[in-house]
Amino acid sequence: MGSSQALRDARRYEEILEKVIGPLQRPLFHLTPRAGWMNDPNGFCRFGGRYHLFYQYYPYASHWDSMHWGHAVSTDLLHWEYLPAALAPDEWYDQNGCFSGSALETEDGRLMLMYTGVRLETLPNGKKKEVQTQCIAVGDGIDFEKYAGNPVLTEEELPAGGSRFDFRDPKMWRGADGLIYSAIGNRPADGSGQILLYKSADGLSWQYDRVLAANNNRYGKMWECPDFFELDGKQILLVSPQDMLPEGFEYHNGNGTLCVIGQYDEETRTFTEEANQAVDYGIDFYAPQTVLAEDGRRIMIGWMQNWDACAIREPEEPWSGQMSMPRELYLKDGRLYQRPVREIEDMRCDPVAVCDEVISGRVDLPGISGRCVDLTVRIRPKEGSSLYHKVAVRFAENETFRTSVSYRPHEATLKIDRKFSGSRRAIIHQRRALVEESRDGEITLRIILDRFSAEIFVNDGRQVLSAVVNTDPAADGISFYADGEAVIDVVKYTLR
Ligand code: FRU
């Protein structure tokens, strides 16, 4: 079981490479590939008392290539242990890649993976194109056997006009009726995106059901990596559209993640859209998947990287790509909110608090520094003084480097700027988000820093800005700046 030459090679290679990468060369608690390249989270689930997270993986180099599935497990979503690679491209139907997919526990206690098999086909004009089908592998949580009847979904089961070249990223769940459902990204004839719904009694034989959601050329083109779940009485569809156009301050990432909030009628399987928003307002976030924790929390992890900005990591670095902080999701006032998973509280130590500090110009605060920190900064105008123009928190700072997050209440814009974070490439380094509710100058930023990233949770998670930083870990300064006068409260924990 699980023993093709390609998989044995990958497993042997990653085991050796893992030992070459020192612990300080990796983040403290964000998952990176065991070796080489990582993109999307796959098969995020709970199985056998642990969380399993698979990922799009090319172990042999720090760039995207023929996709495998890497594998890691955790009990707290923050400390990960690598397991051997789960899938390698070793069958006729997935010879050019095992693309994204999901996992579900079978009734007899095994773990079933559904993924996209990719095979290059030579077209009549001589050009090669990827044909995508859906495939199954079942196993014990470490070794997986690809189903002899693969692929289980091909172009035969596409609705009229659906493209066999863009048909990928199945996300399975078990319905209240006991059937297994799968939402799969596809492109209809209009070149836009759509999410197709399939159903199955056993996970092996599948029928097309209906179009679950159609893009109709509203948000980008192809819709990748769907996830579909109930949250606080509503139904959420997460999709990652390719090639988005920015709208105001939303959707600036080219490839970004869209959250559609609506109602789902399980009987008729109709999803009615009510509202939508971007999921992340920073630079690096894509293709998230969620899991339901035992206590009912819906937890999301995304690939903390933008396809257009992968060059932030230098090609000779031994890994590329990392997962975001796991985030608890909830709805409030019709919006999706995200909070750092509460398990992070067990990693906090050495608290330092500063209260009612009036700042003007640059300020360093005693005891406030570090590169792996959980830092909350509450900012407000100074009574009796005119509204400040700008307040900034700067981190990963020394004489050469700094990354900052700054808020301008007159524009209600929050900006992350990583221009001086060690990147040697002319990729995007700044992003602004509109924070309307903070026009009065009151804003709370919870900043989670790890060695290679910053995630800013704004106003209790109403918005989040994520960005990779590549700054020398020795740059551990944190400072504050105000143009005008502002008052701040700061609480900092070292993460360990
Ligand atoms: C999204 C994606 C998926 C695909 C995978 C390939 O980042 O393009 O649609 O399954 O990456 O690695």
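Using all C-alpha to C-alpha distances in segment 347-495, build P(r) with 5 Å bins and read off the rounded percent in each one.
Percent of pairs per bin, in order: 2, 10, 21, 24, 22, 14, 6, 1, 0.
Semi-axes of the equivalent ellipsoid of the chain: what are they in whole Å, largest first, if each equals the square root of 5 times a C-alpha gyration tensor eigenvalue?
Sorted largest first and rounded, they come to 39, 25, 20 Å.
If each residue's Cβ is checked for other Cβ atoms within 10 Å, how do 410, 71, 252 rank with the fewest at the top? Could the numbers behind the result be given before it?
Values: 410 11, 71 24, 252 19.
Ordered from fewest to most neighbouring Cβ atoms within 10 Å, 410, 71, 252 come out as 410, 252, 71.
Give the angle, between 0 and 90 degrees and rounded to the nearest 10, that separates the Cα long axis of helix 5-20 from the longest principal axis of the Cα atoms of the chain.
20 degrees
Rounded to whole Å, give me the distance from the Cα center of segment 354-371 to that of segment 132-154.
54 Å
Compute the separation of the alpha-carbon centres of segment 48-109 and segment 455-487 and state it in Å as a whole number.
Using only Cα atoms to place each centre, the spacing works out to 32 Å.
What size of dipole, in debye to the nearest 20, comes out for segment 347-495 about its Cα centre when the only charges are +1 on Lys and Arg C-beta atoms and -1 on Asp and Glu C-beta atoms?
640 debye
Of the options 154, 217, 407, report the single residue whose Cα projects farthest towards the positive end of the charge dipole of the chain (beta-carbon charges: Lys, Arg +1; Asp, Glu -1).
Sorting the options by dipole projection puts first 407.
Please give the FRET efficiency for residue 316 paired with residue 218, using the beta carbon to beta carbon distance and R0 = 51 Å, rounded to the nearest 0.05.
0.80
Could you size up the charge dipole of the chain around its Cα centre, putting +1 on the beta carbon of Lys and Arg and -1 on that of Asp and Glu, and report it in debye to the nearest 20?
With only Lys, Arg, Asp and Glu charged at Cβ, the dipole is about 1040 debye.
Among 92, 173, 319, which comes first, second and so on when ranked by fewest other beta-carbon atoms within 10 Å?
Arranged by neighbour count, lowest to highest, 92, 173, 319 become 92, 173, 319.
Under a cut-off of 20 Å between alpha-carbon atoms, report the lysines in cross-link reach of residue 415, not counting same-chain residues fewer than 8 places apart.
Reachable lysines: 390.
Setting aside same-chain residues fewer than 8 positions from residue 234, which lysines have a Cα under 30 Å from its Cα?
Qualifying lysines at Cα under 30 Å: 171, 199, 221, 332.
Reachable aspartates and glutamates from residue 127, Cα under 17 Å, same-chain residues fewer than 8 places away excluded?
Qualifying aspartates and glutamates at Cα under 17 Å: 166.
Return the whole-Å distance between the Cα centroid of segment 164-191 and the Cα centroid of segment 404-427.
37 Å
As a footprinting exposure proxy, order 144, 249, 228 by other Cβ within 10 Å, with the fewest listed first.
249, 228, 144
No lab work stands behind these numbers, since they all come straight from the coordinates. Every value quoted in this text rests on a predicted model; they were computed, and no experiment measured them. Quick reminder, even Gly has a Cβ in these numbers, built from the backbone with ideal geometry, and neighbours come from all protein chains shown.
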